[in-house]
Amino acid sequence: MRAIEIVGAGLAGLALGNALRRAGVAVTLYEAGTLPRHRVCGEFICGRGADALGALGLSEVLAGAASHRSTLWSIQGRTALQHDLPKPAIGLSRFRLDQRLADTFQQAGGVLKLQTRHRGDGASSGLVLCKGRQPSPSDWIGLKLHCHGLETKADLELHLGQHGYVGLSRIEDDRVNICGLFKQRSELKAKRADWLSLYLDLCGLSEVASRIRDSSVITDSHCGVAGVEFARIPPNDDRHLCLGDAYSVIPPFTGNGMSLALESAALAYPHILDYTSGRFDWAETVCRINRAQHSAFDQRLRVARWLHPWIHSTRRQRILAAIARSGLLPVSLLYTLTH
Ligand SMILES: Cc1cc2nc3c(=O)[nH]c(=O)nc-3n(C[C@H](O)[C@H](O)[C@H](O)COP(=O)(O)OP(=O)(O)OC[C@H]3O[C@@H](n4cnc5c(N)ncnc54)[C@H](O)[C@@H]3O)c2cc1C
């Protein structure tokens, strides 16, 4: 049986590695960083992500997760919308989820090489790129932290402010994840630990900032990332096999990037098995998986990219709020088109 190498132990890489290893394939996973670690992420997994984990036989890694149904949207400090998700979603920290997936991968005999950056060009046979989003010149910055003792008004709260937004999502062990995306301000001079509260104040989201200050912040959960670009539909490239964010990055307000990563692993899995058993060569395998990804993801990426300015532009937010309050916002349709 042919072996597989995977670059990147994020969700796409770990999920695929686990499934292949359980099918008896020799898998080596290269990870540039350490595991587990806190990552900038809303940690809200919508329904399809859980289905993809189930399809890969990995549902057990979600044990103890919070279940999400109710959501609340506020725009510029006023509640604009409250609705229940069409399908329950899941709240689980990346720290816990990555750790479980890494443990099960290694217990199944997979080789995980931490702090090992892969430097190949990615076009070799049997090499799967799950390297996550690539740094870009974008001016978006993502910040997140966990806290205890913060009462949420819904399972998921999303607050849109001026040039930024923040999500509050319940996760395991009665923690709340607070994760925001903001237009970067280079003039900001403060300790890293204070950035999230400062950005919230600057966006007009002081009510959320003061709720964080009144709670117990879990200090080692602070993290940030800069240079985030969204939803570029990838050109046809049948030399490289890219999964998850390495394929394309969906705007985070959809709470859908982790699902796309897990779904891409589930889509790729049977085709890669065909390659390892010798049924198809690598070039054919890459073409088949890329076709499947284009048909599964491109519409979701396009719609999310189109919606993104409505989330962060102050003028469009006002229009959005008016439509939401009039009850005319096609919430279920928009959810279906982006999930
Ligand atoms: C602000 C923000 C909020 C978000 N909120 C949500 C949310 O609520 N819900 C949701 O579903 N999604 C959310 N996302 C998106 C989600 O985090 C990503 O879509 C998801 O992590 C993608 O998984 P991945 O496996 O493709 O990449 P990653 O999880 O990024 O993993 C890629 C891995 O590859 C490693 N790597 C990179 N290069 C190399 C190399 N050369 N050699 C070895 N290793 C390498 C990296 O160290 C990393 O560990 C959010 C994103 C942002 C920025």
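The values are calculated or read from the model by the stated rules, or taken from the named source; none is laboratory data. Here the structure is a predicted model, which means the values were calculated and not measured. Positions of Cβ are generated from backbone atoms using ideal geometry, with glycine treated the same way; all protein chains shown enter the neighbour counts.
Summary table below
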| quantity | calculated |
| --- | --- |
| Qualifying positions in segment 20-37 - within 12 Å of the ligand (Cβ to nearest atom) and either farther than 17 Å from Ala261 by Cβ or aromatic (Phe, Trp, Tyr) (or both) | Thr28, Tyr30, Thr34 |
| Qualifying residue in segment 156-164 (condition: touching a Lys or Arg at 6+ places or on another chain (Cβ under 8 Å) and either over 30 Å from Pro86 (Cα atoms) or charged (D, E, K, R) (or both)) | no |
| Failed condition for Ile233, given (1) at pLDDT 90 or above; (2) loosely packed, with under 15 Cβ neighbours inside 10 Å; (3) farther than 26 Å from Arg78 by Cα | (1) |
| Filter result (among the hydrophobic types (A, V, I, L, M, F, W, C) and either over 19 Å from Ile90 (Cα atoms) or touching a Pro at 6+ places or on another chain (Cβ under 7 Å) (or both)) within segment 21-74 | Ala23, Val25, Ala26, Val27, Leu29, Ala32, Leu35 |
| Any hit, segment 319-327, residues being among the aliphatic types (A, V, I, L, M) and over 24 Å from Gly77 (Cβ atoms) | no |
| Any hit, segment 123-132, residues being over 30 Å from Ser326 (Cα atoms), of a type in the set (Val, Ile, Thr) and buried (at least 16 other Cβ atoms within 10 Å of the Cβ) | yes |
| Matching residues in segment 196-230 - criterion: being closer than 30 Å to Ile272 by Cα, surrounded by 18 or more Cβ atoms within 10 Å (Cβ to Cβ) and either touching a Ser or Thr at 6+ places or on another chain (Cβ under 7 Å) or charged (D, E, K, R) (or both) | Val228 |
| Top-ranked residue in segment 139-157 [being under 23 Å from Leu188 (Cβ atoms) and touching a Phe, Trp or Tyr at 6+ places or on another chain (Cβ under 9 Å); ranked as nearest to the ligand (Cβ to nearest atom)] | Gly142 |
| Leu62, sole failed condition from (1) surrounded by 16 or more Cβ atoms within 10 Å (Cβ to Cβ); (2) closer than 28 Å to Ser210 by Cα; (3) within 14 Å of the ligand (Cβ to nearest atom); (4) not small (Gly, Ala, Ser) | (2) |
| Checklist (1) over 23 Å from Gly10 (Cα atoms); (2) touching a residue at least 60 places away in the same chain (Cβ under 8 Å); (3) hydrophobic (A, V, I, L, M, F, W, C); (4) within 16 Å of the ligand (Cβ to nearest atom) applied to Cys203, failing item | (2) |
| Spans of helices (runs of 4 or more DSSP H) in segment 246-331 with at least 1 residues among the basic types (Lys, Arg) | 282-312, 314-326 |
| Residue within segment 79-89 that is within 11 Å of the ligand (Cβ to nearest atom), under 15 Å from the mean Cα position of the chain (by Cα) and at pLDDT below 95 present | yes |
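The rows are residues; the columns are (1) under 16 Å from Asn177 (Cβ atoms); (2) among the hydroxyl-bearing types (Ser, Thr, Tyr); (3) touching a Gly at 6+ places or on another chain (Cβ under 6 Å); (4) surrounded by 17 or more Cβ atoms within 10 Å (Cβ to Cβ).
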{"position": "Glu31", "(1), (2), (3), (4)": "no, no, no, yes"}
{"position": "Ile45", "(1), (2), (3), (4)": "yes, no, no, yes"}
{"position": "Leu58", "(1), (2), (3), (4)": "no, no, no, yes"}
{"position": "Asp103", "(1), (2), (3), (4)": "no, no, no, no"}
